[in-house]
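A.B. asks: This is the structure I have questions about; it appears just below.
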Amino acid sequence: MGTLKVECVVKEQNEIGEGPVWEEKDATLLYVDIYGPKISRWNSLTNQIESMHTETYVGCVVPRRSGGYVIGEGTRFAAVDWEKRAITTIANVDTEKSNTRFNDGKVDPAGRFFAGTMAVEVRPAELERKQGSLYSLHPDHSVVTHFDQVDLSNGLDWSTDHRFFYYVDSLTYMVEAFDYDIHTGGLANRRMVYRLEKDEGIPDGMCIDAEGKIWLACYDGGRVVRIDPQTGTRLQTVKLPVAKITSCCFGGKDYTDLYVTSAYKGMDEESLAKQPQAGCIFKVTGLGVKGIPPYSFSG
Ligand SMILES: O=C(O)[C@H](O)[C@@H](O)[C@H](O)[C@H](O)CO
Ligand SMILES: [Zn+2]
(Lines give C-alpha, C1' and ligand atoms only; values in the text may rest on other atoms or scores of the structure.)
(Ligands and ions follow the chains in the order given, each with its own letter.)
Protein backbone atom coordinates (compact mmCIF):
# COMPACT_ATOMS: atom_id res chain seq x y z
CA MET A 1 0.00 0.00 0.00
CA GLY A 2 2.68 2.58 0.97
CA THR A 3 1.96 5.92 2.55
CA LEU A 4 -0.44 8.30 0.96
CA LYS A 5 1.29 11.50 -0.14
CA VAL A 6 -0.17 14.60 -1.78
CA GLU A 7 2.35 16.83 -3.48
CA CYS A 8 1.91 20.02 -5.50
CA VAL A 9 3.83 19.34 -8.73
CA VAL A 10 2.64 21.93 -11.24
CA LYS A 11 3.06 25.23 -9.43
CA GLU A 12 2.04 27.45 -12.33
CA GLN A 13 -1.57 28.20 -11.45
CA ASN A 14 -4.49 27.62 -13.80
CA GLU A 15 -7.69 29.64 -13.71
CA ILE A 16 -9.47 26.35 -14.42
CA GLY A 17 -6.96 23.50 -14.80
CA GLU A 18 -8.73 20.61 -16.50
CA GLY A 19 -8.56 17.57 -18.72
CA PRO A 20 -5.31 15.95 -17.51
CA VAL A 21 -3.91 13.18 -19.75
CA TRP A 22 -0.67 11.27 -19.15
CA GLU A 23 1.63 10.97 -22.16
CA GLU A 24 3.77 7.97 -21.43
CA LYS A 25 6.32 8.40 -24.23
CA ASP A 26 7.50 11.76 -22.82
CA ALA A 27 6.58 11.26 -19.14
CA THR A 28 4.49 14.39 -19.60
CA LEU A 29 1.13 15.55 -18.28
CA LEU A 30 -1.07 17.23 -20.88
CA TYR A 31 -3.90 19.50 -19.66
CA VAL A 32 -5.82 22.69 -20.37
CA ASP A 33 -6.52 25.94 -18.60
CA ILE A 34 -10.05 26.52 -19.88
CA TYR A 35 -9.86 30.26 -19.29
CA GLY A 36 -6.16 30.61 -20.15
CA PRO A 37 -7.22 29.75 -22.68
CA LYS A 38 -4.32 27.40 -23.28
CA ILE A 39 -3.06 23.84 -23.63
CA SER A 40 -0.04 22.92 -21.52
CA ARG A 41 2.40 20.07 -21.15
CA TRP A 42 4.29 19.55 -17.89
CA ASN A 43 7.36 17.37 -18.20
CA SER A 44 7.70 15.31 -15.03
CA LEU A 45 11.41 14.68 -15.66
CA THR A 46 12.53 18.27 -16.33
CA ASN A 47 9.69 20.06 -14.49
CA GLN A 48 9.32 22.28 -17.54
CA ILE A 49 5.96 23.54 -18.82
CA GLU A 50 5.28 24.26 -22.48
CA SER A 51 2.05 26.04 -23.37
CA MET A 52 0.13 27.09 -26.41
CA HIS A 53 -2.74 29.56 -26.45
CA THR A 54 -6.03 28.74 -28.10
CA GLU A 55 -8.45 31.23 -29.64
CA THR A 56 -11.22 30.76 -27.11
CA TYR A 57 -12.20 28.61 -24.08
CA VAL A 58 -10.67 25.17 -24.40
CA GLY A 59 -12.48 22.43 -22.46
CA CYS A 60 -10.35 19.39 -23.23
CA VAL A 61 -7.36 18.08 -25.15
CA VAL A 62 -6.63 14.51 -26.22
CA PRO A 63 -3.76 12.84 -28.06
CA ARG A 64 -4.22 11.92 -31.72
CA ARG A 65 -2.88 8.65 -33.09
CA SER A 66 -1.55 10.32 -36.25
CA GLY A 67 0.29 12.91 -34.14
CA GLY A 68 -0.59 16.13 -32.36
CA TYR A 69 -3.81 16.59 -30.41
CA VAL A 70 -7.51 17.16 -30.81
CA ILE A 71 -9.30 19.75 -28.69
CA GLY A 72 -12.83 20.70 -27.79
CA GLU A 73 -12.50 24.47 -28.09
CA GLY A 74 -15.38 26.96 -28.10
CA THR A 75 -17.95 25.03 -30.13
CA ARG A 76 -15.56 23.20 -32.42
CA PHE A 77 -13.56 20.02 -32.51
CA ALA A 78 -10.14 21.08 -33.80
CA ALA A 79 -6.80 19.51 -34.62
CA VAL A 80 -3.65 20.81 -32.97
CA ASP A 81 -0.24 20.66 -34.60
CA TRP A 82 1.88 21.11 -31.50
CA GLU A 83 5.17 21.64 -33.37
CA LYS A 84 3.72 24.33 -35.62
CA ARG A 85 1.45 25.72 -32.89
CA ALA A 86 -1.40 25.57 -35.41
CA ILE A 87 -5.09 24.82 -34.87
CA THR A 88 -7.50 23.74 -37.64
CA THR A 89 -11.24 23.08 -37.37
CA ILE A 90 -12.44 19.50 -37.74
CA ALA A 91 -16.18 19.97 -37.02
CA ASN A 92 -18.53 22.49 -35.45
CA VAL A 93 -21.24 21.74 -32.87
CA ASP A 94 -24.01 23.70 -31.12
CA THR A 95 -24.47 25.67 -34.33
CA GLU A 96 -27.91 26.89 -33.19
CA LYS A 97 -26.60 28.10 -29.82
CA SER A 98 -24.98 31.46 -29.18
CA ASN A 99 -23.35 31.08 -25.78
CA THR A 100 -22.06 27.54 -25.28
CA ARG A 101 -18.59 26.02 -25.14
CA PHE A 102 -16.98 22.64 -24.91
CA ASN A 103 -16.14 21.34 -21.46
CA ASP A 104 -14.67 17.94 -20.51
CA GLY A 105 -13.90 15.22 -23.07
CA LYS A 106 -12.10 11.89 -23.44
CA VAL A 107 -11.31 9.25 -26.06
CA ASP A 108 -13.18 5.95 -25.85
CA PRO A 109 -11.40 2.57 -26.11
CA ALA A 110 -12.18 2.46 -29.87
CA GLY A 111 -10.62 5.86 -30.60
CA ARG A 112 -13.74 8.06 -30.70
CA PHE A 113 -13.51 11.46 -29.01
CA PHE A 114 -16.44 12.17 -26.67
CA ALA A 115 -16.95 15.72 -25.34
CA GLY A 116 -19.84 17.74 -23.98
CA THR A 117 -20.89 21.37 -23.99
CA MET A 118 -22.42 23.82 -21.53
CA ALA A 119 -23.49 27.46 -21.44
CA VAL A 120 -20.66 29.84 -20.61
CA GLU A 121 -20.81 30.40 -16.85
CA VAL A 122 -21.67 33.74 -15.24
CA ARG A 123 -19.99 32.49 -12.06
CA PRO A 124 -18.79 28.96 -11.26
CA ALA A 125 -21.78 26.61 -11.61
CA GLU A 126 -24.07 29.57 -12.43
CA LEU A 127 -25.23 29.39 -16.03
CA GLU A 128 -28.20 29.14 -18.35
CA ARG A 129 -29.41 25.59 -17.89
CA LYS A 130 -30.14 22.81 -20.40
CA GLN A 131 -27.97 24.37 -23.12
CA GLY A 132 -25.41 21.57 -23.31
CA SER A 133 -25.15 18.34 -25.28
CA LEU A 134 -22.89 15.31 -25.37
CA TYR A 135 -21.14 14.68 -28.69
CA SER A 136 -18.68 12.22 -30.15
CA LEU A 137 -16.24 12.82 -32.98
CA HIS A 138 -15.65 9.68 -35.02
CA PRO A 139 -12.56 8.64 -36.99
CA ASP A 140 -14.25 9.74 -40.26
CA HIS A 141 -14.80 13.17 -38.62
CA SER A 142 -18.58 12.74 -38.43
CA VAL A 143 -20.20 13.98 -35.20
CA VAL A 144 -22.89 12.13 -33.26
CA THR A 145 -25.16 13.94 -30.78
CA HIS A 146 -25.89 11.50 -27.96
CA PHE A 147 -28.28 13.70 -25.95
CA ASP A 148 -29.04 17.35 -25.23
CA GLN A 149 -30.63 19.15 -22.24
CA VAL A 150 -27.35 19.03 -20.33
CA ASP A 151 -26.69 21.68 -17.69
CA LEU A 152 -22.93 21.35 -17.24
CA SER A 153 -21.33 18.50 -19.16
CA ASN A 154 -18.37 17.16 -17.23
CA GLY A 155 -16.39 14.02 -16.33
CA LEU A 156 -16.64 10.84 -18.35
CA ASP A 157 -14.96 7.47 -18.73
CA TRP A 158 -15.62 3.86 -19.68
CA SER A 159 -15.62 0.68 -17.62
CA THR A 160 -12.52 -1.47 -18.10
CA ASP A 161 -14.61 -4.11 -19.96
CA HIS A 162 -16.01 -1.31 -22.22
CA ARG A 163 -19.61 -2.29 -21.39
CA PHE A 164 -20.48 0.89 -19.50
CA PHE A 165 -20.05 4.64 -19.92
CA TYR A 166 -19.90 6.82 -16.82
CA TYR A 167 -20.91 10.45 -17.01
CA VAL A 168 -21.34 13.59 -14.92
CA ASP A 169 -23.73 16.45 -15.61
CA SER A 170 -22.46 18.50 -12.65
CA LEU A 171 -25.76 20.10 -11.67
CA THR A 172 -27.42 16.70 -11.17
CA TYR A 173 -24.91 16.10 -8.33
CA MET A 174 -24.68 12.52 -9.55
CA VAL A 175 -22.48 10.11 -11.42
CA GLU A 176 -24.56 8.27 -13.99
CA ALA A 177 -24.00 5.16 -16.07
CA PHE A 178 -25.12 4.05 -19.53
CA ASP A 179 -24.79 0.72 -21.29
CA TYR A 180 -22.08 1.20 -23.90
CA ASP A 181 -21.88 -0.35 -27.35
CA ILE A 182 -18.18 -0.31 -28.18
CA HIS A 183 -18.94 -1.31 -31.80
CA THR A 184 -21.13 1.72 -32.55
CA GLY A 185 -20.30 4.16 -29.74
CA GLY A 186 -23.98 4.16 -28.75
CA LEU A 187 -25.37 4.85 -25.27
CA ALA A 188 -28.49 3.34 -23.69
CA ASN A 189 -30.26 2.87 -20.38
CA ARG A 190 -29.23 5.95 -18.37
CA ARG A 191 -29.28 5.47 -14.59
CA MET A 192 -27.78 6.84 -11.38
CA VAL A 193 -24.61 5.33 -9.94
CA TYR A 194 -23.78 7.68 -7.07
CA ARG A 195 -25.27 10.81 -5.53
CA LEU A 196 -22.84 13.21 -3.88
CA GLU A 197 -23.14 14.05 -0.21
CA LYS A 198 -23.34 17.69 0.76
CA ASP A 199 -19.71 18.17 1.81
CA GLU A 200 -18.53 16.52 -1.40
CA GLY A 201 -19.48 19.61 -3.38
CA ILE A 202 -20.11 19.44 -7.12
CA PRO A 203 -19.11 16.41 -9.23
CA ASP A 204 -16.55 17.35 -11.89
CA GLY A 205 -13.94 15.31 -13.81
CA MET A 206 -13.36 11.60 -13.31
CA CYS A 207 -11.26 8.63 -14.35
CA ILE A 208 -11.46 4.88 -14.07
CA ASP A 209 -8.79 2.77 -12.34
CA ALA A 210 -7.55 -0.69 -13.35
CA GLU A 211 -9.98 -2.29 -10.87
CA GLY A 212 -12.91 -0.59 -12.58
CA LYS A 213 -13.56 1.89 -9.77
CA ILE A 214 -14.26 5.57 -10.44
CA TRP A 215 -12.09 8.44 -9.15
CA LEU A 216 -14.22 11.57 -9.05
CA ALA A 217 -13.02 15.16 -8.61
CA CYS A 218 -15.18 17.10 -6.15
CA TYR A 219 -15.34 20.80 -7.07
CA ASP A 220 -15.79 22.89 -3.91
CA GLY A 221 -15.32 19.64 -2.04
CA GLY A 222 -11.51 19.74 -1.79
CA ARG A 223 -11.18 16.04 -2.48
CA VAL A 224 -11.31 13.15 -4.87
CA VAL A 225 -13.50 10.19 -3.98
CA ARG A 226 -13.25 6.60 -5.16
CA ILE A 227 -16.60 5.11 -6.07
CA ASP A 228 -17.60 1.53 -6.75
CA PRO A 229 -19.99 1.81 -9.72
CA GLN A 230 -21.30 -1.71 -9.06
CA THR A 231 -22.57 -0.95 -5.58
CA GLY A 232 -22.89 2.84 -5.79
CA THR A 233 -20.81 3.26 -2.65
CA ARG A 234 -17.87 5.48 -1.79
CA LEU A 235 -14.75 3.45 -1.04
CA GLN A 236 -12.21 6.15 -0.27
CA THR A 237 -11.77 9.90 0.17
CA VAL A 238 -8.51 11.72 -0.53
CA LYS A 239 -8.40 15.34 0.67
CA LEU A 240 -6.42 18.02 -1.13
CA PRO A 241 -5.22 21.43 0.10
CA VAL A 242 -7.53 23.39 -2.23
CA ALA A 243 -11.33 23.38 -2.62
CA LYS A 244 -11.89 23.66 -6.35
CA ILE A 245 -10.80 20.21 -7.52
CA THR A 246 -11.66 19.82 -11.20
CA SER A 247 -10.37 16.52 -12.60
CA CYS A 248 -7.94 13.64 -12.26
CA CYS A 249 -6.04 11.02 -14.26
CA PHE A 250 -3.53 8.30 -13.52
CA GLY A 251 0.02 8.63 -14.77
CA GLY A 252 3.64 8.14 -13.85
CA LYS A 253 5.49 4.87 -13.75
CA ASP A 254 2.99 2.03 -14.29
CA TYR A 255 0.15 4.56 -13.88
CA THR A 256 0.38 4.42 -10.10
CA ASP A 257 0.21 8.19 -9.48
CA LEU A 258 -3.04 10.14 -9.52
CA TYR A 259 -2.70 13.63 -11.00
CA VAL A 260 -5.35 16.07 -9.78
CA THR A 261 -6.14 19.45 -11.37
CA SER A 262 -7.70 22.46 -9.65
CA ALA A 263 -9.01 25.97 -10.29
CA TYR A 264 -8.87 29.43 -8.75
CA LYS A 265 -11.54 31.09 -10.89
CA GLY A 266 -14.25 32.69 -8.78
CA MET A 267 -12.19 32.87 -5.58
CA ASP A 268 -11.89 36.18 -3.74
CA GLU A 269 -8.66 37.50 -2.23
CA GLU A 270 -9.44 36.11 1.20
CA SER A 271 -9.97 32.54 0.01
CA LEU A 272 -6.95 32.79 -2.29
CA ALA A 273 -4.85 33.80 0.71
CA LYS A 274 -6.09 30.71 2.56
CA GLN A 275 -5.52 28.46 -0.46
CA PRO A 276 -2.34 29.72 -2.11
CA GLN A 277 -2.10 26.55 -4.21
CA ALA A 278 -5.51 26.97 -5.88
CA GLY A 279 -5.08 26.26 -9.60
CA CYS A 280 -2.03 24.04 -9.11
CA ILE A 281 -1.82 20.38 -10.11
CA PHE A 282 -1.23 17.76 -7.43
CA LYS A 283 0.23 14.27 -7.51
CA VAL A 284 -1.16 11.65 -5.15
CA THR A 285 1.14 8.70 -4.54
CA GLY A 286 0.81 5.58 -2.42
CA LEU A 287 -2.81 4.85 -3.34
CA GLY A 288 -1.99 1.20 -4.01
CA VAL A 289 -4.03 1.18 -7.19
CA LYS A 290 -3.16 1.68 -10.85
CA GLY A 291 -4.87 3.48 -13.68
CA ILE A 292 -5.05 2.53 -17.33
CA PRO A 293 -3.27 4.28 -20.24
CA PRO A 294 -5.35 6.87 -22.11
CA TYR A 295 -6.65 6.21 -25.62
CA SER A 296 -5.81 8.37 -28.64
CA PHE A 297 -8.25 9.74 -31.19
CA SER A 298 -7.95 7.44 -34.19
CA GLY A 299 -9.10 9.85 -36.91
O1 LIG B 1 -14.04 22.45 -14.65
C2 LIG B 1 -15.10 22.36 -15.28
O3 LIG B 1 -15.51 21.33 -15.71
C4 LIG B 1 -15.95 23.59 -15.51
O5 LIG B 1 -15.62 24.17 -16.70
C6 LIG B 1 -15.88 24.48 -14.33
O7 LIG B 1 -16.44 25.68 -14.63
C8 LIG B 1 -16.45 23.79 -13.07
O9 LIG B 1 -16.62 22.44 -13.26
C10 LIG B 1 -17.76 24.30 -12.57
O11 LIG B 1 -17.74 25.64 -12.36
C12 LIG B 1 -18.16 23.59 -11.31
O13 LIG B 1 -19.42 23.19 -11.41
ZN1 LIG C 1 -14.71 19.60 -15.42
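A.B. asks: Along its principal axes, what span do the Cα atoms of segment 1-71 show, with the longest given first and each in whole Å?
C.D. replies: 42, 30, 22
A.B. asks: If amide H atoms are built 1.01 Å from N in the plane of the peptide, which residues on other chains or at least 5 residues away come under 5 Å of the amide H of residue 236?
C.D. replies: Counting only residues 5 or more places away or on other chains, the set is 226.
A.B. asks: For 183, 146, 138, write out the residues from largest to smallest accessible area, computed with a 1.4 angstrom probe and no ligands counted.
C.D. replies: So the residues, ranked largest to smallest area, are 183, 146, 138.
A.B. asks: Can you tell me the alpha carbon radius of gyration of segment 103-208 divided by the globular rule-of-thumb value 2.2 N^0.38 Å?
C.D. replies: Taking the Cα Rg and dividing by 2.2 N^0.38 Å, one obtains 1.04.
A.B. asks: Using a Debye calculation, one point per C-alpha and no hydration shell, please list log10 I(q)/I(0) for segment 78-157 at q = 0.10, 0.16, 0.26 Å⁻¹ in order.
C.D. replies: -0.26, -0.64, -1.26
A.B. asks: Just going by the charge dipole of segment 5-285, with Lys and Arg at +1 and Asp and Glu at -1 on Cβ, which of 159, 184, 90 is farthest out on the positive end?
C.D. replies: 159
A.B. asks: Shifting gears a bit: What lysines sit close enough to residue 213 to cross-link, taking a C-alpha to C-alpha distance under 27 Å and skipping anything fewer than 8 places away on the same chain?
C.D. replies: Within reach: 5, 25, 106, 198, 239, 244, 253, 283, 290.
A.B. asks: With the convex hull built on the Cα atoms of segment 5-285, state its orientation-averaged projected area in nm².
C.D. replies: Result: a mean projected hull area of 13.7 nm².
A.B. asks: I've got another one for you. Using the Karplus curve 6.51 cos²θ - 1.76 cosθ + 1.60 with θ = phi - 60°, work out ³J(HN,Hα) for each residue of segment 70-85 in order, rounded to whole Hz, and write x for Gly and Pro.
C.D. replies: My calculation for segment 70-85 gives 10, 10, x, 10, x, 10, 10, 8, 9, 8, 10, 9, 5, 5, 8, 6 Hz in order.
A.B. asks: Next question, about the same structure. Points 7 angstrom from Cα along the Cβ direction at residue 161 and residue 198: gap in nanometres?
C.D. replies: Output for this residue pair reads 3.8 nm.
A.B. asks: Here's another thing I want to ask about it. Let me see the pair-distance distribution of segment 1-124: every alpha carbon pair, 10 Å bin width, integer percents in order.
C.D. replies: 12, 44, 31, 10, 2, 0
The values are calculated or read from the model by the stated rules, or taken from the named source; none is laboratory data. Model, not experiment: these values are computed from the prediction. Please note: Cβ atoms are built from the backbone with ideal geometry, for glycine as well, and neighbour counts cover all protein chains shown. All accessible areas refer to the heavy atoms of the entire protein, side chains included, with ligands and DNA or RNA removed. Shrake-Rupley method; radii C 1.70, N 1.55, O 1.52, S 1.80 Å.
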